[in-house]
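Since the structure comes first, as structure tokens, the remarks are kept for the end.
The values are calculated or read from the model by the stated rules, or taken from the named source; none is laboratory data. Predicted, not measured: the structure shown is a model, and the values here were computed from it. Neighbour counts are summed over all protein chains in view; Cβ atoms, including those assigned to glycine, are modelled from backbone coordinates with ideal geometry. Heavy atoms of the whole protein, side chains included, go into the accessibility calculation; ligands, DNA and RNA do not. Shrake-Rupley method; radii C 1.70, N 1.55, O 1.52, S 1.80 Å.
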Amino acid sequence: MKDKHLKYFFLTMLLMVLFSCKKEGEYHSVTDKIKAEQKPYHGKLTSEDLLTGTDLIKITEGEFTFLIPERKGQIKSYECIECHSKPFEKKKNANLKKAHWNIALKHANSDIMNCATCHNENDMNSLKSLTNQKIDINLSYKLCSQCHSSQFNDWKGGAHGKKVAGWTPPRASKTCVNCHNPHSPSFEKRWPVQFNTQKGIERNDGLGH
Amino acid sequence: MSEKNKWYKLNLGLNRNKKTATTCGCGNSEGNCNSKKEKKLSEQEFYDSAVDASIGDEREKDGFDQVFDVSMDRRSAFKKLTASLLIGAGAISSCTSVIKSDEGKEKAQIDWEEQFKGNYKLMTDEEKEKTVNRLMRSYELRTGKNISMSSKNAEEDVLFGYAFNISKCQGYMNCVSACVEENNQDRKSQKQYIRIHEMKDGEGFNFNTADDNYYHEVPAEGHFYMGTQCFHCDNPPCVEVCPVKATWREDDGIVVVDYDWCVGCRYCMAACPYDGRRFNWTKPEVPEEEINKNQHYLGNRMRKKGVMEKCTFCIQRSRQGQNPACVEACPTGARIFGNLLDPSSTIRWVLENKKVFRLKEDLGTEPKFWYFMD
């Protein structure tokens, strides 16, 4: 009697072992699948049709090469030297009307930052670095990356910021100033866009979870 | 006396006299049944009576009466009558009707073909094309408006992945709103695929005390925000439990539902550990001017009452190379989408260089939706 039970036990164990293996061709995890099947994308889909109409320039930072939107065409009052023909010191006259009165600097306190921190007084069309090197306004990210180096690293890789359009190569990412106003970069508090009144009703009736 | 059948007497048949056994097969113990007393018929008499039994009446009746004066029992008369009535009703309501307009007949033809089409997964590309054309034409006939529906298959060498930056989410819910508009979701029950949870600082991911329907200024003091939706698992429990195989994982990783095949048992809703699935309890209603006319058969086409639906990574957009609506709408750039198989994609950089994690890792569902922080 005992022998029969033992036989059945071993048979069940054998069947369980045989049936517990995963199907052929299926991976145990997504990372295994990615490692096995990865291939640079050379398919039919491309972001080029989605990007028509936007002016883009190609940049290479470190190991990354991608497109960013051109900036000079987006600034209404570019070129700055059309008004700022004289050097900075000459404009400090109290008689002249204060231009750019509506730009409030809410970026860092006055110990750290004023207009001359970023704007190049010798060439009002450009910006300047901490060591007084000229930075082209199209490449304004170089200026931001001086203080915000971790966000810059994330942006280069793709973890920070948004794409101009689509996930397909060629990659076109937005720059810092496309989302952040450089004079007041933080996002304001706001109200949520959506409120689900039906959920509210259901929760009141005790039907929600 | 006992044979009188009074209406109030319950006649169980207990008083029946037991019949004495006889050799007669008809069971009648008293009367004659003539079985023993049959005369032997001569051959001619036999032949005459046989002919008489089969076509006797017809030899005297005319053609009209032969068809319309057939004697039959009530049961076969009833059967024949209902059969002919059903066939007539079917013909009237189908494409062979004589009282419908051309449009009505075309509509009936489309509905008939749609009813008997097979499972979408087994269709060839031409059949998929045909069913999509039928649906587009049916919409045009019903409402007079045009939609464009695609049956585009998965692209080669593409596996979609998604990353969510929990440091950046501020709870604005632009993603929820954009998703509802893009995917033609029912406005009456305010269906939302995406849920944004407001959680208290310091308690971790505590979904029991999180609030996913708040309405105050965000970000609120002492709280943080993160979002959930269908995670498009690579080993999806919802696909395993579907009794009719109406949901499956496509080759590019998107888990889809065929709304014409789903029977509405909601087993997948019970199986999903992440609350990714939604059910249409009522007929979905979307105002005409808000309907998104760029549709995909497996994505945002109009659903009907009694079928499941869920996030499809905006299959109508992602298979054309665009980002899903939630990714485009987020103002803080907290959502990242891309091709996991492309080593130079941004989603791969995130997975390799940031601290990423997934929800309910121990269940082995292998979701393709990772969370990370700055």
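With contacts taken as Cα pairs under 8 Å and at least 6 residues apart, chain B reaches a relative contact order of 18 percent.
A Förster distance of 51 Å, applied to the separation of the beta-carbon atoms of B:Ser101 and A:Arg190, puts the FRET efficiency at 0.45. Checking every one of the chymotrypsin sites (Phe, Trp or Tyr not before Pro) in the range B:213-308 against DSSP loop status and a limit of 16 other Cβ atoms within 10 Å picks out B:Tyr215, B:Trp281.
Name the residues of the range B:217-248 whose amide N is less than 19 Å from a point 7 angstrom out from the Cα of B:Cys265 along the C-beta direction? Residues passing the 19 Å test: B:236-248. For the residue pairs B:Lys121/B:Lys293; A:Lys199/B:Lys200; A:Lys44/A:Lys174; B:Lys152/B:Lys304, alpha carbon separations are all held to 27 Å or less.
Ballpark to the nearest 100 Å², how much total accessible area do A and B bury together, probe 1.4 Å? Counting protein atoms only, the buried area is about 4800 Å². Estimated purely from DSSP H runs of n ≥ 4, each contributing -39500 (n - 2.57), the mean residue ellipticity at 222 nm for chain B is -8500 deg cm²/dmol once divided by its residues. Among B:Gly299, B:Gly227, B:Gly88, the largest mean-square fluctuation in a Gaussian network model of chain B, built with springs joining Cα atoms closer than 10 Å, belongs to B:Gly88. Just so you know, the Rg over Rh for the protein assembly as shown is 1.24, from Cα atoms, with Rh as the Kirkwood radius. Listed by number, the DSSP H helices of chain A that run 15 Å or longer by alpha-carbon position along their axis and have mean Kyte hydropathy of at least 0.0 are A:2-19.
Applying the criteria of a DSSP loop state and at most 15 other Cβ atoms within 10 Å to the GluC sites (Glu not before Pro) of the range B:206-267 yields B:Glu217, B:Glu221.
What the Kirkwood sum gives for chain B is a hydrodynamic radius of 26.9 Å, with every pair of different alpha carbons counted. Here each label is just a point 7 Å from Cα along the line to Cβ, and for A:Lys76 and B:Leu12 those points are 10.2 nm apart. Shielding by partners for peptide A:167-176, expressed as the average number of C-beta atoms from other protein chains within 10 Å of each residue's C-beta, is 4. Of B:Lys80, B:Lys188, B:Lys283, the residue with the greatest mean-square motion in the GNM of chain B, using alpha carbon springs below 10 Å, is B:Lys80. For the range A:130-192, the C-alpha radius of gyration sits at 1.26 times the compact-globule guess of 2.2 N^0.38 Å, with N the residue count.
Within the shell of other residues whose beta carbon sits under 13 angstrom from the beta carbon of B:Thr82, the net charge comes to +4, with Lys and Arg scored +1 and Asp and Glu -1. Rounded to the nearest 20, the Cβ-based charge dipole of chain B about its Cα centre (Lys and Arg +1, Asp and Glu -1) stands at 1680 debye.
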